[in-house]
Amino acid sequence: MSRFSEVLSYLIFEQNADAKAFAAKIGVSPTCITRYLRDDRFPSIEMLVLLADYFECSADYLLGLEENKGSAKYKKCPKFSTQFAYLLDYFDYNCYKLSEGINIHQSTLYAWKNGKRVPTAENVIKLAEFFDCRVDFILGRES
């Protein structure tokens, strides 16, 4: 079981809910939540942010990358293409240089930058590890 599924299971249990009741609360299918809990699927970044906002926790906590839930208030995420352009500037990288360092094809990085695709949660974690920062920073939820 991944840390994400463990943390999600714990947070749902804290609410005295089951997967079906919780799914109804947040407006997604019970199958979606069940797949997360069984560790069959990893959330999209949109779902990750929705869940983190719902539980008022960091995305890093929800992914099992931090031990403490925290109580900070998080900003609404910008479009990922906007945030990715900011990250490239902030860390002084271009898509070519980042591609070599992180082992993600340049075309994928350009698609993120141009708003044609968004990364998977796994790739957001990869970016956070590469830049040695929090997932919430990569997503633009924190400054």
If the reach is capped at under 22 angstrom between alpha carbons, list the lysines near Lys76, excluding any in the same chain fewer than eight residues apart. Lys25, Lys113, Lys116, Lys126
What residues from the stretch 1-32 fall in the zone where the backbone N is under 19 Å from a label point 7 Å along the Cα-to-C-beta line of Asp39? 1-13, 19, 32
If you build the convex hull over the alpha carbons only and average its shadow over all orientations, what do you get for the chain? Give it in nm² to one decimal. 8.5 nm²
Stretched out fully, how many nm does the piece from Ser107 to Ile26 gain, at 0.36 nm a residue minus the Cα gap? 25.7 nm
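If exposed means no more than 10 neighbouring beta carbons inside 10 Å and the site is in a DSSP loop, what's the longest run of the chain without any exposed trypsin sites (Lys or Arg not before Pro)?
1-72
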Radius of gyration, Dmax [the stretch 3-62; alpha carbons; angstrom]: 10.1, 25
FRET efficiency estimate (nearest 0.05) - Cβ-Cβ, Phe130 to Leu50, R0 30 angstrom: 0.75
Tally Lys and Arg at +1 and Asp and Glu at -1 over the other residues with C-beta under 13 Å from the C-beta of Val7: what net charge comes out? -4
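Only the coordinates and a few stated rules stand behind these numbers; no lab work does. Keep in mind it's a predicted model, so treat the numbers as computed, not measured. Using ideal geometry, Cβ is built from the backbone for each residue, glycine included, and neighbour counts are taken over all protein chains shown.
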